[in-house]
Each structure stands twice: as C-alpha cells, then as structure tokens.
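Structure record follows, encoded as structure tokens.
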Amino acid sequence: MDRSLSNLWLGLALAVSLGAAQAAERAIEKEVVVNATLDQAWEAWTTREGIRSFFAPDAVVEPRVGGAFHIHMDPGGAPGMKGADEMRVMALQPKKMLSFDWNAPPHLPEARAQRTFVVVRFAALDDKTTRVTLHHTGWGDGGQWDQAYAYFDKAWGSVLGNLKKRFESGPYDWTEWLKQLEAWRAEAAKKSAAPK
C-alpha cells in the first residue's frame with residue numbers, strides 16, 4: 001500500500017512538472033545583433049524618437065517603472081485602437097533590460113482584453129555592436145490566444161528586423177504605412193455611410 005501511494009505521488013509530481021514545463025515553453029524568443037552602441041540601442045527602445053525610427057509611427061515612452069509605453073501603429077486611430085495603447089513599463093535596468101506589459105491587436109478583442117509581458121535585454125558585444133534579445137510570455141491557450149501568439153511570433157521578427165535596418169540604412173519611413181491607414185479609414189467610412 002505504501003508503495004502504491006508513493007507511485008501515485010510520484011506520478012502526480014511528474015504530471016505537475018510536465019504541465020509546468022509545457023506552460024513555460026509558451027514564449028516568443030527573438031534576437032538580433034545591431035550595428036549600434038549600447039547607448040544607441042537603448043535609446044531606440046526608450047525614447048519616442050527611437051521608437052519612431054523602427055517600431056511605430058508614434059509613441060509615448062516614459063522610461064521609468066510605471067511609465068507609459070504606448071506604441072501607436074495607427075496614430076490617427078480612435079482611443080484604444082492605436083496599437084499598444086495604455087501599456088506600462090514594468091521594470092528596467094538602464095542599458096540592460098526593459099520590461100513592459102503588452103496586448104493583442106484590435107482584431108483579437110478577447111486576447112486584447114488581457115495582458116502579456118515582454119522583456120528586452122541589451123548586451124554590448126563590442127563598442128560598435130549590441131545584441132538585443134526579446135522574450136514575450138504570459139500566453140493563454142487556444143482561440144484568440146493562439147492567433148495572437150502566431151501574430152507576434154511574426155511581428156517581433158519584423159520589429160527586430162526594422163531595428164537592424166534602422167542602424168544600417170537609417171530610420172524607417174512611415175509615409176506609405178500612414179497613407180494606407182488613411183485609405184483604409186476612408187473606405188470604412190464609405191461603407192458605414194452607405195445606405196443599407
């Protein structure tokens with residue numbers, strides 16, 4: 001009887017640890033090496049001008065715990081629909097680590113109502129290059145969570161690619177993106193004004 005009980009506890013402990021390991025695996029990991037000093041890479045992530053140079057057309061960034069980290073992919077959008085509205089800096093170590101909460105895009109409202117967490121780490125490789133590592137965690141399972149995970153698995157690769165390009169060929173030009181957004185808004189307004 002004692003052996004059966006021991007086996008039961010062992011089985012339960014194994015099942016719990018496997019479940020925890022599976023949950024821990026649900027994270028997005030991305031990394032890029034940029035031709036930038038540590039100071040330049042840090043400023044790209046912690047200033048409005050820096051964010052506008054590779055991440056989004058506009059932003060509100062307050063690099064302090066509890067400070068704003070609002071990334072506006074659609075600066076002309078309605079409040080709550082601009083992108084990563086109302087996100088906050090969770091923790092930071094200057095020139096080492098920046099952590100912020102994050103939400104899903106507006107087209108995934110169930111997942112958007114929740115928050116995930118992003119940690120960006122910075123490491124100087126020499127006086128002219130810096131490794132930037134991104135870790136995005138806090139994911140649920142199924143439905144819109146899976147859609148949001150797939151979306152950001154691609155999106156973070158693009159964001160870090162833009163960061164790399166920013167230091168190779170200059171800041172990202174958002175002109176065409178903003179024109180496209182205006183065209184989409186104009187089309188949506190026409191459709192909503194059309195008689196039914």
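Every residue, every condition in (1) buried (at least 17 other Cβ atoms within 10 Å of the Cβ); (2) at pLDDT 95 or above, yes or no:
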residue	(1), (2)
106	no, no
122	yes, yes
130	yes, yes
144	yes, yes
147	no, yes
153	no, yes
156	yes, yes
163	yes, yes
167	yes, yes
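Show me the strands (runs of 3 or more DSSP E) found entirely inside the range 64-150 where at least 1 residues are within 30 Å of residue 38 (Cα to Cα), in contact (Cβ under 8 Å) with a residue 12 or more places away in the chain and among the small types (Gly, Ala, Ser).
Working: elements: 69-72, 89-93, 97-102, 116-124, 130-137.
Where strands (runs of 3 or more DSSP E) fall fully within the range 64-150 and carry at least 1 residues being within 30 Å of residue 38 (Cα to Cα), in contact (Cβ under 8 Å) with a residue 12 or more places away in the chain and among the small types (Gly, Ala, Ser), they are 89-93, 97-102, 116-124.
Kindly provide the set of residues from the range 151-179 that are of a type in the set (Ser, Thr, Tyr) and in contact (Cβ under 8 Å) with a residue 60 or more places away in the chain, ordered by number.
Passing the criteria: only 172.
Just name the residue that is farthest from residue 37 (Cα to Cα) out of those in the range 151-180 that are polar (S, T, N, Q) and under 18 Å from the mean Cα position of the chain (by Cα).
Residue satisfying both the conditions and the ranking: 158.
Looking only at the range 169-181, count every residue that is over 16 Å from residue 53 (Cα atoms) and surrounded by 16 or more Cβ atoms within 10 Å (Cβ to Cβ) and tell me the total.
Residues meeting the conditions: 1.
Out of (1) touching a residue at least 12 places away in the same chain (Cβ under 8 Å); (2) surrounded by fewer than 10 Cβ atoms within 10 Å (Cβ to Cβ), what's the single condition that is false for residue 193?
(1)
The values are calculated or read from the model by the stated rules, or taken from the named source; none is laboratory data. Predicted model, so just to flag it, every value in this text is computed and none were measured. In this analysis, Cβ positions are derived from the backbone assuming ideal geometry, glycine residues included, and neighbour counts consider all displayed protein chains.
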